[in-house]
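Inspection log for the structure reproduced underneath, given as structure tokens.
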Amino acid sequence: MKKQLELLARVQQIDTDVKKTEQLKIKFEEDAQILEEEVKKDEERHNFELFLLEKLEKDYKDKEKATKLYQEKILKTEEKMLAIKTNKEYQASIQEIDNIKKMIGDKEDEMISVMDRIEEVKKDLKASEDELNRVKSEFEEKKREIKEDLKEFLDKVEKEKEIRASYVSEIDKDLFDRYKQVQNLRNGVGVAFTEAEQCLGCNMKIPPQLYNEVVRAGKIVSCPNCHRILILKPVKESAEGEP
Ligand SMILES: [Zn+2]
């Protein structure tokens, strides 16, 4: 029976590793997904800022063009003034030129404020680009982790599963069925080490008589509290309650 219980403890160890790896895999994938969404959001923001900058630069050029047209119009008006005969026509032309100059002044003010906006957007663009690069490299790193580290874990687990099968083939069917049953009920842990009349799976005291049975390892003993199959804690084992 002692040998049987030892095999069962090894099966439990493998089952615990497999479970940890599965949880790790889920966590890796969740982290990667969160980062991917972050990359998408940052890309959208970055693209919007690019669009905004393009729009502002076009706006600036349009205003610049309009200013030039006004200036040409002033030149034409001044040319026509040379041929003017009456004072009334002359005054009207002066008025027209003043009006155009005022419009140029307005356009130039607008151009200054558009230029300020362009500077702001350029700053935002730089910040969003840095952020995008940061998140992207984090995402690449996470993908690399998943590819390499997780693969290593999964390969290890595949090997362990083969070893597990060889252990299981040597374990009595009744004992193994009982293990599976408790394992399902107790969050994947069907076996608990025991030490100094205490179940290390649930930390409850075990009656001395029962504890002696575990020490003798003559038959299967379950913890009266958590129902896990009890195995005497081997010397120099880890201090964890779950084997
Ligand atoms: Zn217990």
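Among the residues in region 218-230, are any in a loop (DSSP other than H, G, I, E, B), over 18 Å from Thr16 (Cβ atoms), at pLDDT below 95 and not hydrophobic (A, V, I, L, M, F, W, C)? Yes - at least one qualifying residue is present in region 218-230. For region 177-203, the set of residues classified as among the hydrophobic types (A, V, I, L, M, F, W, C) and either more than 12 Å from the ligand (Cβ to nearest atom) or closer than 22 Å to Lys20 by Cα (or both) consists of Val182, Leu185, Val189, Val191, Ala192, Phe193, Ala196, Leu200, Cys202, listed by residue number. With respect to the conditions (1) within 16 Å of the ligand (Cβ to nearest atom); (2) at pLDDT below 95, Lys159 lacks only one, and its number is (1).
Summed over region 184-209, residues that are surrounded by fewer than 19 Cβ atoms within 10 Å (Cβ to Cβ) and touching a residue at least 40 places away in the same chain (Cβ under 8 Å) total 3. Annotation: of all residues in region 179-190 being assigned to a loop (DSSP other than H, G, I, E, B) and over 14 Å from Ile14 (Cβ atoms), the one that is farthest from the chain's Cα centre (by Cα) is Arg186.
Number of residues in region 149-173 that are in a helix (DSSP H, G or I) and surrounded by 13 or more Cβ atoms within 10 Å (Cβ to Cβ): the value is 10.
Of the residues making up region 204-227, those that are over 17 Å from Gly188 (Cα atoms), within 11 Å of the ligand (Cβ to nearest atom) and not aliphatic (A, V, I, L, M) are Lys205, Pro224. Select, from Phe193, Phe176, the only residue that is within 16 Å of Lys233 (Cβ to Cβ), within 43 Å of the chain's Cα centre (by Cα), outside any loop (DSSP other than H, G, I, E, B) and not small (Gly, Ala, Ser). Going through Phe193, Phe176 in turn, just one is within 16 Å of Lys233 (Cβ to Cβ), within 43 Å of the chain's Cα centre (by Cα), outside any loop (DSSP other than H, G, I, E, B) and not small (Gly, Ala, Ser): Phe193.
Residue by residue, here is whether (1) surrounded by 15 or more Cβ atoms within 10 Å (Cβ to Cβ); (2) closer than 30 Å to Leu132 by Cα holds:
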| position | (1), (2) |
| --- | --- |
| Phe28 | yes, yes |
| Ile34 | no, yes |
| Val39 | yes, yes |
| Glu44 | no, yes |
| Lys58 | no, yes |
| Tyr70 | yes, no |
| Glu78 | no, no |
| Lys85 | no, no |
| Lys88 | no, no |
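For every residue, the table says whether it meets (1) among the hydroxyl-bearing types (Ser, Thr, Tyr); (2) part of a helix (DSSP H, G or I); (3) surrounded by 14 or more Cβ atoms within 10 Å (Cβ to Cβ); (4) modelled with pLDDT of 95 or more.
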position	(1), (2), (3), (4)
Glu108	no, yes, no, yes
Ile118	no, yes, yes, yes
Phe139	no, yes, yes, no
Lys147	no, yes, no, no
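Just one of the listed residues (Lys19, Lys41) is part of a helix (DSSP H, G or I) and free of Cβ contacts under 8 Å to residues at least 24 places away in the same chain, namely Lys41. Flag: Ile84 matches the condition of being in contact with a Ser or Thr (Cβ under 8 Å, 6 or more places away or on another chain) and of a type in the set (A, V, I, L, M).
The values are calculated or read from the model by the stated rules, or taken from the named source; none is laboratory data. Everything numeric here is computed off the predicted structure, so don't read it as measured data. For neighbour counting, all protein chains shown are included, and Cβ atoms are generated from backbone atoms with ideal geometry for every residue, glycine included.
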